[in-house]
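Please read the structure below before turning to the comments.
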Amino acid sequence: MSGSVVVLVELLFAGMSGFPSPWRGVLIATFILAALHAIIMPRWRFNVHRWEVTDEALYTRAGWFSVHWRIAPISRIQTIDSHRSVGERIFGLANVTATTASAAGPVRIHGLDRQLADRLLDQLAVATGQTPGDAT
């Protein structure tokens, strides 16, 4: 989606300046890069990005060139949030964030189906409520 916005903005500026030849090259290059991104990015994300919730922990794996594993013990989760941007609401997607006291920051799961995100929030709320301790 962001690639199409860039192409549209470039078309606007090129149209305002009468489509000089340098703009044609820029538009073609941007269109090719946006198309490659649209083809490659979903497959790459599908092959790399993972998440799982067990009774003991929330596991995530994410990254593009360097892959990062995060393991957040259920007993250490302090808050669970969901976020939906305008674009994500249009496509029925949501993000889930589990905040811990870790210096590495919160554990985030991006691009979930809205209903799946809601079920995950419920599952994590129940799991953290049943875990003894104060999550510190």
Practice problem: Can you work out which of the residues in segment 56-74 that are of a type outside the set (A, V, I, L, M, F, W, C) and either touching a Ser or Thr at 6+ places or on another chain (Cβ under 9 Å) or outside the structural domain of Ser102 (by TED's automatic domain parsing) (or both) is surrounded by the most Cβ atoms within 10 Å (Cβ to Cβ)? | Solution: Arg70
Quiz item: Can you spot a residue in segment 12-28 that is surrounded by fewer than 10 Cβ atoms within 10 Å (Cβ to Cβ) and charged (D, E, K, R)?
Solution: no
Quiz item: Any chance segment 115-134 includes a residue that's in the same structural domain as Asp55 (by TED's automatic domain parsing), among the acidic types (Asp, Glu), outside any loop (DSSP other than H, G, I, E, B) and farther than 21 Å from Ser75 by Cα?
Solution: no
Quiz item: What residue, of Arg61, Arg84, Arg45, is under 16 Å from the mean Cα position of the chain (by Cα) and under 30 Å from Pro132 (Cβ atoms)?
Solution: Arg61
Quiz prompt | Pairs, first free of Cβ contacts under 8 Å to residues at least 60 places away in the same chain in segment 37-66, second acidic (Asp, Glu), C-beta under 7 Å, six or more apart | solution = Tyr59/Glu52
Exercise. Being surrounded by 17 or more Cβ atoms within 10 Å (Cβ to Cβ) and closer than 16 Å to Pro73 by Cβ is the filter here, so list the residues in segment 84-104 that pass it.
Key: Ala98, Thr99, Thr100
Quiz item: Checking Gly129 against (1) touching a Leu at 6+ places or on another chain (Cβ under 9 Å); (2) within 19 Å of Tyr59 (Cα to Cα), which single condition isn't satisfied?
Solution: (1)
Quiz item: Do we find a residue being in a loop (DSSP other than H, G, I, E, B), closer than 20 Å to Asp118 by Cβ, within 15 Å of the chain's Cα centre (by Cα) and of a type in the set (Lys, Arg) anywhere in segment 87-107?
Solution: no
Exercise. Determine whether Val107 is of a type in the set (A, V, I, L, M), at pLDDT 90 or above and surrounded by fewer than 11 Cβ atoms within 10 Å (Cβ to Cβ).
Key: no
Practice problem: Spot the failing condition for Trp51; the list is (1) farther than 30 Å from Ser102 by Cα; (2) modelled with pLDDT of 85 or more; (3) not in a helix (DSSP H, G or I), and only one is missed. | Solution: (1)
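The values are calculated or read from the model by the stated rules, or taken from the named source; none is laboratory data. Treat the numbers as computed from the prediction; the structure is a model and nothing was measured. Here Cβ is always computed from backbone atoms with ideal geometry, including for glycine, and neighbour counts include all displayed protein chains.
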